[in-house]
Amino acid sequence: MEHGFSNLSTPSQKLLAMNPEDRENFLKMPGHIQIKKQVTITNMTKIPKMIEGEKPVECLIVTTESSHLFVLDPETFSVVEQRKIPGVTSHLAVQGIYAVDYFMILCLRYGQVYRLKRGLEEIKCLTNLSALPVDLVLDYNRFVTINMDGTFQSYTLKGSKEWSVLLEGTPTAVSVMPPHLSESTYIISCNAVKKERLEGVVYIYKGTELLYTLHVEDPIQAAVYGPYGFGEQAFIFNTIGGGLSIKLLKRTAHFGNSDKCAMLGSSMHHNIKLLVPKKTRIFVEQTLREREQSKEIYSWFQKTWQGMKILTNESYLNALQNSTLAGDHSLKLTAQVLGLGPRLKILIQLQSLSVENALKDISIIFLYDADIYTVERPYINIPFITPNYIYKVETFINCSLNVNSAVNLAVASNEKIILSAVVNMPPAVVPAI
């Protein structure tokens with residue numbers, strides 16, 4: 001049986017790292033060395049055990065360097081749940097009640113994001129981040145991340161990206177404001193170069209809209225948002241030089257769309273008069289026409305809307321027919337036909353969605369009607385496919401008749417078909433002889 005180096009105990013790792021001539025002396029040492037693997041904690045958070053309130057009983061959630069997740073009971077000091085996770089967790093967020101229903105968002109060290117729900121053994125992979133993560137927070141029906149490439153991104157709980165904002169500086173931490181103060185409002189601390197000097201900057205975003213910017217003299221090393229003393233809302237920054245900065249919000253502060261950003265030292269401009277143009281004659285005539293022909297306009301709108309739905313469904317059906325996913329080998333195939341005929345080009349894209357495993361000896365076989373088509377390369381061999389890389393291959397196909405038929409694609413590995421797709425060929429224009 002083979003074990004990875006990280007799964008061995010500390011004495012075993014030390015023994016393998018030694019020079020061969022020193023191993024015998026190490027093994028002859030007294031037997032007080034305890035063969036035990038040292039568990040290193042990477043993340044911790046808490047979740048209410050039974051009910052929510054001001055002072056609820058909360059369970060402690062811990063993730064370790066050995067890719068395990070533990071839930072600890074605070075009353076019995078025992079492990080009530082243990083899970084094996086796909087990798088080492090760098091950030092962890094949880095929402096819900098442990099005894100009722102909950103889910104967790106796990107962000108791994110190399111940018112993969114997983115979701116773990118109560119009652120489900122499977123841990124679902126949501127998405128892969130565009131860069132390594134810096135921080136992650138959970139905001140009701142979405143989670144947001146700040147990454148090392150300076151982006152601030154929002155994802156749904158199904159893994160679909162909602163938006164991405166490029167920050168001016170290197171992000172260090174992100175927090176979310178309580179819903180009663182402002183919905184979907186985030187506080188991001190960054191370090192940026194201002195006037196040839198590195199200093200800290202704090203951005204307050206409501207979605208993708210920048211509401212406020214706060215400058216700190218020294219670069220920010222860590223930041224936290226929450227109650228402090230008698231104040232319910234406060235920003236606390238720890239700078240690289242060892243300083244501590246605390247910014248308190250007014251009790252009447254509310255970060256809404258039309259409300260003022262009431263922070264100490266705020267210099268934002270408000271009550272700006274908008275230049276609204278006067279109603280022109282064309283606008284009045286258009287209003288009267290819409291009022292008189294409201295039924296016709298509504299019927300035309302419904303007809304256009306239904307036509308748009310049909311086009312969307314047709315495009316989606318076409319995408320499902322031309323793209324297939326092999327679950328066992330995590331292989332994605334996409335085929336596209338280019339040209340008008342009688343000579344056409346088939347462009348094939350293969351992508352391995354596996355994070356760790358590479359595919360070898362992949363073959364693409366074309367199955368077609370020889371009376372109608374002639375394929376220049378009916379058999380294409382791909383020796384090696386690396387993860388998360390798109391391989392493009394192409395071949396030409398000649399049409400001899402003015403009819404169209406389907407061409408089947410079969411992807412084989414180790415003399416076994418692992419994936420198949422159907423390419424609907426367009427009617428080719430064959431000149432008369």
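The values are calculated or read from the model by the stated rules, or taken from the named source; none is laboratory data. As the structure is a prediction and not an experimental result, all values here were calculated from the model. Cβ atoms come from the backbone with ideal geometry, glycine included; neighbour counts cover every protein chain shown. Accessible surface areas use protein heavy atoms only, side chains included; no ligands, DNA or RNA. Shrake-Rupley method; radii C 1.70, N 1.55, O 1.52, S 1.80 Å.
The table below gives the values:
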| item | result |
| --- | --- |
| Carbon + sulfur, % of accessible area of region 144-217 - ligands and nucleic acids excluded, 1.4 Å | 52 |
| Cα-based reach from Lys309 at 18 Å (exclusive), listing aspartates and glutamates while leaving out same-chain residues under 8 positions away | none |
| Virtual spin-label span in nm between Asn19 and Tyr110, 7 Å along Cα→Cβ | 3.4 |
| Amide proton proximity set for Leu359, modelled H, under 5 Å, gap of 5+ | Ile385 |
| Full-stretch length increase - Ala222, Phe77 - with 0.36 nm per residue and alpha-carbon distance subtracted | 49.1 nm |
| Length released on extending from Leu367 to Leu120, taking residue separation times 0.36 nm less the Cα-Cα span | 84.8 nm |
| Under the Karplus curve 6.51 cos²θ - 1.76 cosθ + 1.60, θ = phi - 60°, whole-Hz ³J(HN,Hα) for region 356-365, x wherever Gly or Pro sits | 10, 8, 9, 9, 10, 6, 9, 10, 10, 10 |
| In Hz, Karplus ³J(HN,Hα) per residue of region 337-343 (6.51, -1.76, 1.60; θ = phi - 60°; x = Gly, Pro) | 9, 10, x, 10, x, x, 9 |
| Rounded, prolate or oblate (a/c below 1.5 giving rounded, otherwise prolate when a/b exceeds b/c) for region 300-420 by Cα gyration tensor | oblate |
| Gaussian network model of the chain, springs between alpha carbon atoms under 10 Å - residue of Pro342, Pro277, Pro48 with greatest fluctuation | Pro277 |
| Hypothetical label at Leu244: residues of region 219-235 whose amide nitrogen lies under 16 Å (7 Å Cα-Cβ projection) | 221-231, 234-235 |
| Greater than 30 Å apart at Cα, pairs in Lys84/Lys158; Lys46/Lys194; Lys46/Lys84; Lys161/Lys278; Lys158/Lys303; Lys49/Lys158 | Lys46/Lys194; Lys161/Lys278; Lys158/Lys303 |
| Under 17 Å from Lys345, Cα to Cα: aspartates and glutamates that are on another chain or at least 8 residues apart | Asp369, Glu376, Glu394 |
| Residues with amide H under 5 Å from that of Ser405, placed H, sequence gap 5 or more | Met425 |
| Rounded FRET efficiency, nearest 0.05, which uses the C-beta distance separating Asn424 from His68 and R0 of 45 Å | 0.40 |
| Cβ-Cβ FRET estimate between Asn388 and Lys55, R0 fixed at 45 Å, reported to 0.05 | 0.45 |
| Projected label distance in nm at Asn414 and Glu168, using a 7 Å step from Cα toward the beta-carbon | 5.6 |
| Sequence-distant residues sharing a close amide H with Gln95 (under 5 Å, placed H) | Phe103 |
| Gyration tensor (alpha-carbon) shape descriptor, the chain, a/c threshold 1.5 | oblate |
| Reach of Lys416 by Cα under 15 Å, taken over aspartates and glutamates that are not fewer than 8 positions away in the same chain | Asp328, Asp361 |
| Euclidean distance between Cα centres, region 59-86 to region 194-209, Å | 37 |
| Per-residue HN-Hα couplings for region 165-176 [Karplus 6.51, -1.76, 1.60; θ = phi - 60°; Hz; x = Gly/Pro] | 10, 8, 7, 8, x, 9, x, 10, 7, 9, 9, 10 |
